[in-house]
Amino acid sequence: MGNAHRHHLKHRFPLPQNTVPTPPHKYGTSHPPHNLPNQNQGGSNSNINMISLPYANADTTLRSLAAQAEGYGRFAIGGLHGSLYHVTSLLDDGPGSLREACRQKEPLWIVFEVSGTIHLSSYLSVSSYKTVDGRGQKIKLTGKGIKLKQCEHVIICNLEVEGGRGHDVDAIQIKPNSKHIWIDRCTLSDCEDGLIDITRGSTEITISRCHFHNHDKTILIGSDPSHVDDRCIKVTIHHCFFNGTRQRHPRVRFAKVHLYNNYSRNWGIYAVCASVESQIFSQHNIYEAGQKKVAFKYLHEKAADKDAEATGHIISEGDIFLNGAQPGLMTGNVGVKVFHPSEHYLAWTVETPTDDLKQVLQHCTGWQSVTRPADQTICAE
């Protein structure tokens, strides 16, 4: 992939005058990210060092994450203006525990001084203005999942969640009426229900750099046809790896969803499903089939305030389909209105889908062994 084409992609979405965009991250040889394939690991890596990925400065200081998400969750500040809370216990509750931190009403930036597994006996409810920051440690949540209920400005970063058990237990459940949420660099697998559910009027959400595996119903957006208030939902999903998960990458009702630079492989039923009134903009993603070849599926359902059934709509721009994968796009969509992301945000980092990007997404999604940055502000020059 030549530099000229990459330059064209980076700047294809214009910014207003006097606005200077943050340049996309380039994986250079002097400061490679953790686990990035190198010249000694075999394979074709000639262009990997030139791949442009987002969030170049997200790990510069501890709180550099705040308001740095691309897409709909870009305003999420988490606990930016709060105190630092140090988790010192792996117990489910009590002094120094994650649960004690998450229930506090004031803003907090939560970090970990221990590594290990926290077994949750009930959903971990996170209140507004919290950052749960797993950088610098390896924290796994099991037993139940994370619940974001009627909260705003929450960032969840660099955690593992697996083995959630019980009725309606998701790895991360976002409902109802939550907004300004960013889920970044999490590894999610093997829960009783979904891995991420976004329903009941929750909106302005970004899911980035996550690794989904060993699961059936992966991401649900929009609960059911009776909840017409879900028309407000807007979600961005980018640079994620759907690794053999069976379906719902995602499944969408009512919402507007922007998918870009994700890698979905070996799905069991379909990759992406559009249902009642949904609008999905699928841009420069990699869809690699296993036994099931059709990537996109459409389901017809009747909204509670309508007389007739309807499906959703998918726009596919620059996606690639590998190993016999077929888009399965619905025909007869002439004149159908589907949103364009530029109507909602000014810039995002999008790469041409190539084998090099696929390799990066396999290695650099999910929990990462990164050092926790220092908690200091960046001084203006």
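Before moving on, here are some points about what is shown:
- Subset of the range 300-319 (residues that are closer than 15 Å to His249 by Cβ, free of Cβ contacts under 8 Å to residues at least 40 places away in the same chain and not charged (D, E, K, R)): Ser316
- Just one residue in the set Glu277, Glu309, Glu288 is buried (at least 20 other Cβ atoms within 10 Å of the Cβ) and acidic (Asp, Glu); that residue is Glu277.
- Any chance Ser121 is over 19 Å from the mean Cα position of the chain (by Cα) and either among the hydroxyl-bearing types (Ser, Thr, Tyr) or surrounded by 24 or more Cβ atoms within 10 Å (Cβ to Cβ) (or both): yes
- Against the conditions (1) at pLDDT 95 or above; (2) in a loop (DSSP other than H, G, I, E, B); (3) basic (Lys, Arg), Lys337 satisfies every one except (1).
- Condition check for Ala76: of a type in the set (A, V, I, L, M), assigned to a loop (DSSP other than H, G, I, E, B) and in contact with a Phe, Trp or Tyr (Cβ under 8 Å, 6 or more places away or on another chain): yes
- Taken over the range 66-93, the residue count meeting the criterion of being hydroxyl-bearing (Ser, Thr, Tyr) and in contact (Cβ under 8 Å) with a residue 40 or more places away in the chain is 1.
- For the range 151-191, residues that are part of a strand (DSSP E or B) and at negative phi total 20.
- Among residues of the range 145-179, those that are buried (at least 24 other Cβ atoms within 10 Å of the Cβ), of a type in the set (D, E, K, R) and either in contact with a Pro (Cβ under 9 Å, 6 or more places away or on another chain) or under 18 Å from Ile77 (Cα atoms) (or both), counted: 1
- Contacts under 8 angstrom Cβ, first residue in the range 176-192 being over 23 Å from Phe242 (Cβ atoms), partner of a type in the set (Phe, Trp, Tyr), 6 or more apart: His180/Phe75
- The range 85-116, subset assigned to a loop (DSSP other than H, G, I, E, B) and basic (Lys, Arg), residue surrounded by the fewest Cβ atoms within 10 Å (Cβ to Cβ): Lys105
The values are calculated or read from the model by the stated rules, or taken from the named source; none is laboratory data. Everything numeric in this text was worked out from a predicted model, so none of it was measured. Backbone-built Cβ (ideal geometry, glycine too); neighbour counts: all protein chains shown.
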